[in-house]
Amino acid sequence: EHGVYAASANMTGFEGGKGLVGGSVIYDPTGERLAMGDVMEEHMVVADVDFEKIRTARAKMPLLADLQASWDTISRIAKI
């Protein structure tokens, strides 16, 4: 939605009686999965980051620009 890289780092194993499944993942600004760790195994997830992809993704999905253009109306209706 915001055209940025997203990473979720998840622990694996057991801690304090809780089971942690792992499966860390990295997505690029277009939502494509770049890397994913194994489930129930220790794994280091690594991916290359191309900052130009952020600019390209935002140009193709101008959701933030749409929100900024409509913010006065949204805030007035929501009484923010």
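The values are calculated or read from the model by the stated rules, or taken from the named source; none is laboratory data. Values in this document were obtained by computation on a predicted structure and should not be read as measured data. For neighbour counting, all protein chains shown are included, and Cβ atoms are generated from backbone atoms with ideal geometry for every residue, glycine included. With ligands, DNA and RNA removed, areas are computed over all heavy atoms of the protein, side chains included. Shrake-Rupley method; radii C 1.70, N 1.55, O 1.52, S 1.80 Å.
Some points to look at:
- Efficiency of FRET from Cβ geometry, Val49 and Leu20, R₀ 35 Å, rounded to 0.05: 0.85
- In terms of its C-alpha gyration tensor, the chain comes out oblate, because a/c is 1.5 or above while a/b does not outweigh b/c.
- Restriction of the GluC sites (Glu not before Pro) in segment 21-77 to DSSP coil positions whose beta-carbon has at most 16 other beta-carbons within 10 angstrom yields Glu32, Glu41, Glu42.
- Helix-only mean residue ellipticity at 222 nm for the chain, each DSSP H run of n ≥ 4 adding -39500 (n - 2.57), per residue, nearest 500: -10500 deg cm²/dmol
- Modelled FRET efficiency - R0 25 Å, Leu63 with Ala7, Cβ distances, 0.05 increments: 0.80
- Within the accessible area of the chain (1.4 Å probe), percent carbon and sulfur: 56 percent
- 12 Å cut-off, amide nitrogen to a point 7 angstrom out along Ile74 Cα→Cβ, residues in segment 1-40: 2
- The mean accessible area for residues of the chain, using a 1.4 Å probe and ignoring ligands and nucleic acids, is 80 Å² per residue.
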